[in-house]
Amino acid sequence: MTKTNRADAAVPKPRIIHLSQLFDPEPTFKGHDFIRRLEDRGFEVEVVTGFPNYPGGKVYDGYEIRPLVRETMGQTAVTRLAVYPSHDKSALKRIVTYATFMITAFLYLTFWSKRSDLVYVYYPALTAGLAAVGAKFFRRTPVLLDMQDMWPDSLGSSGMMQNRVLLGITNAACNFLYRHCDHILVLSPGFKTLLMERGVPAEKITIVYNWADEPPAIEDGCLPEGFDPADGFRVLFAGNMGAAQQLDTIIDAARSLRDQHPDCVFYFMGGGIDKDRLADRARGLDLPNVRFLPRVPLQEVQRFLATADALLVHLADEPLFRITIPSKTQAYLYAGRPILMGVVGDAADLVREADAGYVFNPGDSESLADCVRQLIADGPARRDEIGRHAQSFYRERLRRSKGIDATVNLINRFRKGSRNRDPHKGVSP
């Protein structure tokens with residue numbers, strides 16, 4: 001027994017570099033919690049990231065930008081590299097922010113990092129990915145690309161880049177990246193289809209759905225501060241309020257329902273550049289059935305989701321959004337309440353498949369109002385049934401452990417030294 005333990009101890013753990021410009025304490029989906037779960041599966045992980053400055057573009061207190069700083073979070077080694085911090089509306093400054101991290105990451109991966117078995121590229125997929133594949137020419141380290149945004153499409157749809165020449169250059173860089181990375185992980189079927197249309201082999205792409213934070217379930221039924229006990233029916237939109245969400249549609253639906261269902265209240269919770277304008281418009285239209293709540297700590301969000309009668313998603317009808325699954329979709333499914341989905345494409349398909357709510361046309365306030373009327377008419381028993389469908393679908397298809405399992409399988413397949421390593425052999429989605 002002693003000899004076996006010594007032999008096991010002598011086997012080094014597979015070493016992974018997690019490359020992401022954003023990392024804790026910045027808000028990011030695959031942050032330290034994700035890394036700890038990889039470590040629990042037997043990997044040694046080094047995080048290579050920038051200095052925390054998102055979303056405000058100012059370096060967090062306690063940090064000072066230097067060429068290279070090493071720190072630890074628990075047992076995780078974190079290497080922070082110099083980056084130009086900016087997240088304002090200037091496209092040039094944003095480009096410089098991405099470019100500086102690409103350069104410093106390339107230099108670090110090529111000349112200073114310990115040898116690793118795989119580089120897991122998270123954010124941004126393009127610039128961090130180019131750093132990783134550039135270093136791959138020197139270090140021969142496999143690259144697994146996790147695509148949370150579709151480049152260059154996301155640049156055009158966000159308004160960050162409109163110049164056709166620059167978009168063409170970016171598209172060429174993306175194609176170079178897709179050719180030279182070892183495998184691509186995507187968050188939706190639409191992402192996979194679009195990459196295949198752009199020449200990426202199907203066997204080089206695996207769908208791994210994002211998951212929710214999975215906080216403890218709320219079962220006491222107590223309302224959070226901010227919800228009015230006198231409400232008859234609560235519709236909650238939780239998240240960013242920006243141009244992409246086109247939330248005037250919700251204001252118009254509330255106006256349509258004001259007289260017929262005066263106790264049906266639409267709540268907006270969160271922040272964003274459009275929040276003040278929306279609140280002013282609701283006041284100007286004299287809509288007492290529209291209320292705005294501030295951002296709340298993550299641990300309190302679940303109580304709002306669990307005690308709403310319906311949870312609302314809405315995005316503009318644009319090609320990119322048709323293949324995007326907003327992160328609130330998974331959170332809503334996990335919460336187990338009926339969903340009102342105002343998105344065309346993959347996100348709507350999930351809600352239909354799960355029988356987790358109703359889908360309405362983006363930008364169509366009457367379509368949304370009709371869905372609300374239907375949910376009210378359904379009654380509490382049917383709404384609870386819909387919520388159970390949502391939770392069941394989440395547990396079966398989208399739960400965190402399932403996503404981690406799929407990610408670990410990909411890492412083990414494509415890392416150095418894997419007996420199963422075959423860059424030409426696909427992984428089932």
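A short reminder: the numbers here are calculations on the coordinates, not readings from a lab. Since this is a predicted model, take the numbers as computed values, not measurements. Cβ atoms come from the backbone with ideal geometry, glycine included; neighbour counts cover every protein chain shown.
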*For the chain, give the magnitude of the charge dipole about the Cα centre (Cβ charges: +1 Lys/Arg, -1 Asp/Glu; no others), in debye to the nearest 20.*
2360 debye
_At 0.36 nm per residue, and after removing the present C-alpha to C-alpha distance, how many nm does the segment from Arg388 to Lys416 gain when stretched out fully?_
5.8 nm
*Of the labelled options (1) 23.6, 71; (2) 22.9, 78; (3) 25.0, 85, which one gives Rg and Dmax of the Cα atoms in Å as computed for this structure?*
(2)
*Additional length obtainable on full extension of the chain from Asn409 to Arg36, 0.36 nm per residue less Cα span*: 132.7 nm
*Could you give me the ³J(HN,Hα) list for the stretch 100-108, computed from phi with Karplus coefficients 6.51, -1.76, 1.60 and θ = phi - 60°, whole Hz, x at Gly and Pro?*
5, 5, 4, 5, 5, 5, 4, 4, 5
*Measure off 7 Å from each Cα along the Cα-to-Cβ vector at Ala173 and Leu298, then give the distance between these two points in nanometres to one decimal.*
2.9 nm
_Centre separation in Å (Cα based) which lies between the stretch 291-325 and the stretch 164-232_ = 16 Å
*Which residue, Gly168, Gly272, Gly74, has the most motion in a Gaussian network model of the chain that connects Cα atoms within less than 10 Å?*
Gly74
_Candidates Pro14, Pro216, Pro124: whichever shows maximal mean-square fluctuation once the chain is modelled as a Gaussian network with Cα springs under 10 Å_ = Pro216
*Loop sites only, by DSSP: take the GluC sites (Glu not before Pro) in the chain that have at most 10 other C-beta atoms within 10 Å and name the longest stretch containing none of them.*
220-429
*asked:* Take the residue pairs Lys58/Lys93; Lys114/Lys204; Lys58/Lys136; Lys114/Lys416; Lys13/Lys204 and return only those whose Cα atoms are more than 24 Å apart.
replied: Lys114/Lys204; Lys58/Lys136; Lys13/Lys204
*asked:* Can you classify the stretch 233-397 as rounded, prolate or oblate using the Cα gyration tensor, where a ≥ b ≥ c are the square roots of its eigenvalues, rounded means a/c under 1.5, and otherwise it's prolate if a/b beats b/c and oblate if not?
replied: rounded
*Could you grab the relative contact order for the chain? Cα pairs under 8 Å, six or more apart, rounded to a whole percent.*
13 percent
*Pull up the cross-link candidates among the aspartates and glutamates for Lys275, meaning alpha carbon to alpha carbon under 12 Å and not fewer than 8 places away within one chain.*
Asp248
_Per residue of the stretch 279-285, what does 6.51 cos²θ - 1.76 cosθ + 1.60 with θ = phi - 60° give for ³J(HN,Hα)? Whole Hz please, x for Gly and Pro, Karplus curve as stated._
5, 4, 5, 4, 5, x, 8
*Residue order, fewest to most beta carbons within 10 Å, for Met241, Met196*: Met196, Met241
*For the stretch 188-258, which trypsin sites (Lys or Arg not before Pro) are both in a DSSP coil and crowded by at most 15 other Cβ atoms within 10 Å?*
Arg198
_Mean Cα-pair separation over length for the stretch 233-397, i.e. relative contact order, pairs under 8 Å, 6 or more apart, %_ = 23 percent
_Tell me which of Ala230, Ser116, Ala254 sits at the most positive position along the dipole axis of the chain, charges placed on C-beta atoms (Lys, Arg +1; Asp, Glu -1)._
Ser116
_Only four residue types carry charge here, +1 at the Cβ of Lys and Arg and -1 at the Cβ of Asp and Glu. Report the dipole size of the stretch 260-389 about the Cα centre in Debye, rounded to the nearest 20._
420 debye
*About its Cα centre, what dipole magnitude does the stretch 34-116 give when the only charges are +1 on Lys and Arg Cβ and -1 on Asp and Glu Cβ, stated in debye to the nearest 20?*
200 debye
*asked:* Explain nothing, just compute: Karplus ³J(HN,Hα) = 6.51 cos²θ - 1.76 cosθ + 1.60, θ = phi - 60°, for every residue of the stretch 198-204 in order, whole Hz, x for Gly and Pro.
replied: 8, x, 7, x, 4, 6, 9
*asked:* Cross-link candidates for Lys402: which aspartates and glutamates have Cα within less than 14 Å, leaving aside residues fewer than 8 places away along the same chain?
replied: Asp213, Glu214
_For His18, what residues show an amide H to amide H distance below 5 Å, using hydrogens built from the backbone and excluding near sequence neighbours?_
Glu46, Val47, Val48, Tyr120
_Unit charges at the beta carbon, dipole of the chain: most positive-side option, Thr193, Val265, Leu368_ = Thr193
*Answer with one residue from His32, Val133, Val69: the one whose Cα lies farthest towards the positive end of the charge dipole of the stretch 1-150, charges on Cβ with Lys, Arg +1 and Asp, Glu -1.*
Val133
